[in-house]
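> Have a look at the structure that comes next, please.
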Amino acid sequence: MSARDKGLTVIFTGDGKGKTSAALGVACRTVGHGYKTKVIQFIKGKMNTGELHLMDKLGSDFDIEQVGRGFTWRKSVSKNDHVEAARLGVEAARKALGSGRFKTVVLDEILYALKSQLVTIEQVEELIETKEKHVHLVLTGRHAPQRIIDRADMVTSMEMVKHPSAEGIPAQKCLDY
């Protein structure tokens, strides 16, 4: 395998907006180059997001699975339910990373799931270590721990400089979801 074909581990982290958007950009580029991509969303739970509609337009090359049960601070879902959903996400990630079907696998908000103790750092490290050598693995979420950063090939931290929520403006269709 040439260096150009090496699958990289990429992290998009930080307190600024754009982590999922950057990861979806990588996923779209993957499809644009004629490969398949898998996106597993660890927190979003049945949200009607633009990326789900994109899946309908791109077909089977662009696959998204929302395993999360929604925002963890909401009391309508128990911690055990969130943990079980995250366990299913890790299982789906293992399958995708070892299937030979996908050039890129995005684990959206897995770092938030780690910070919320829905997954363990050992589970995330195992996913990084056992991915097939040609697969790009993209991890998103705030609070990337140093142990995970050390295993990555590329890390980008999004910095929040200004956000419309400070002015009371809610999340916007197309931009935020």
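> So which residues in the stretch 1-56 are in contact with a Leu (Cβ under 7 Å, 6 or more places away or on another chain) and free of Cβ contacts under 8 Å to residues at least 40 places away in the same chain?
Passing the criteria: Val31, Glu51.
> Please find, within the stretch 146-167, the residue that is nearest to the chain's Cα centre (by Cα) out of those that are under 27 Å from Ser99 (Cβ atoms) and assigned to a loop (DSSP other than H, G, I, E, B). Quick ask: steps written out before the conclusion?
If we filter the stretch 146-167 for residues that are under 27 Å from Ser99 (Cβ atoms), which is where we start, we get 147-156.
Adding the requirement that they be assigned to a loop (DSSP other than H, G, I, E, B) leaves 152-153.
Values: Ala152: 14, Asp153: 16 Å.
In this case the residue turns out to be Ala152.
> So, Val138, is that one over 20 Å from Asp15 (Cβ atoms) and touching a helix residue (DSSP H, G or I) at 6+ places or on another chain (Cβ under 6 Å) or not?
On the way: over 20 Å from Asp15 (Cβ atoms): no; touching a helix residue (DSSP H, G or I) at 6+ places or on another chain (Cβ under 6 Å): yes.
Criteria not met by Val138.
> Name the residue, out of Leu118, Leu107, that is farther than 18 Å from His33 by Cβ and assigned to a loop (DSSP other than H, G, I, E, B). Before you say what the answer is, go through the steps one by one.
Values: Leu107 fails: assigned to a loop (DSSP other than H, G, I, E, B).
Of the residues listed, the single one that is farther than 18 Å from His33 by Cβ and assigned to a loop (DSSP other than H, G, I, E, B) is Leu118.
> Just checking, does the stretch 75-83 include any residue being in contact (Cβ under 8 Å) with a residue 40 or more places away in the chain and of a type outside the set (Ser, Thr, Tyr)? Outline the logic, then answer.
Pass one, the stretch 75-83, residues in contact (Cβ under 8 Å) with a residue 40 or more places away in the chain: none.
Within the stretch 75-83, not a single residue is in contact (Cβ under 8 Å) with a residue 40 or more places away in the chain and of a type outside the set (Ser, Thr, Tyr).
> Something else about it: Of the residues in the stretch 146-177, how many are loosely packed, with under 13 Cβ neighbours inside 10 Å and either out of contact with any strand residue (DSSP E or B) (no Cβ under 8 Å at 6 or more places or on another chain) or basic (Lys, Arg) (or both)?
The number of residues fulfilling the criteria is 17.
> So, of the residues in the stretch 33-59 that are over 16 Å from the mean Cα position of the chain (by Cα) and at pLDDT 95 or above, which turns out to be surrounded by the most Cβ atoms within 10 Å (Cβ to Cβ)?
Across the stretch 33-59, the extreme among qualifying residues is Tyr35.
> Now a separate question. Tell me, please, whether a residue that is under 30 Å from Ser2 (Cβ atoms), of a type in the set (Lys, Arg) and in a loop (DSSP other than H, G, I, E, B) can be found in the stretch 79-96.
Pass one, the stretch 79-96, residues under 30 Å from Ser2 (Cβ atoms): 92-96.
Among the residues that remain, those that are also of a type in the set (Lys, Arg) are: 94-95.
Right, trim to in a loop (DSSP other than H, G, I, E, B) and you get none.
Within the stretch 79-96, not a single residue is under 30 Å from Ser2 (Cβ atoms), of a type in the set (Lys, Arg) and in a loop (DSSP other than H, G, I, E, B).
> Take the residues in the stretch 1-32 that are part of a loop (DSSP other than H, G, I, E, B) and within 13 Å of Val135 (Cβ to Cβ); name whichever of them is farthest from the chain's Cα centre (by Cα).
Our first condition is that a residue be part of a loop (DSSP other than H, G, I, E, B); within the stretch 1-32, this holds for 1-2, 6-8, 15-18.
Going one step further and asking which of them are within 13 Å of Val135 (Cβ to Cβ), we end up with 1, 6-8.
Numbers: Met1: 26, Lys6: 20, Gly7: 16, Leu8: 14 Å.
Selected residue: Met1.
> Regarding Gly68, is this residue assigned to a loop (DSSP other than H, G, I, E, B) and under 20 Å from Ala27 (Cα atoms)?
Criteria met by Gly68.
> Let me ask something else. Need pairs with beta-carbon distance below 8 Å; first residue under 19 Å from Leu24 (Cα atoms) and at pLDDT 95 or above and within the stretch 124-142, second in a loop (DSSP other than H, G, I, E, B) and acidic (Asp, Glu); sequence gap 6+ or separate chains.
Between residues of the stretch 124-142 that are under 19 Å from Leu24 (Cα atoms) and at pLDDT 95 or above and residues that are in a loop (DSSP other than H, G, I, E, B) and acidic (Asp, Glu), the close pairs are Thr140/Glu109; Gly141/Glu109; Arg142/Asp15.
The values are calculated or read from the model by the stated rules, or taken from the named source; none is laboratory data. This one's a predicted model, so the numbers in the text were calculated from it and none came from an experiment. Note: ideal-geometry Cβ built from the backbone for every residue, glycine included; neighbour counts use all protein chains shown.
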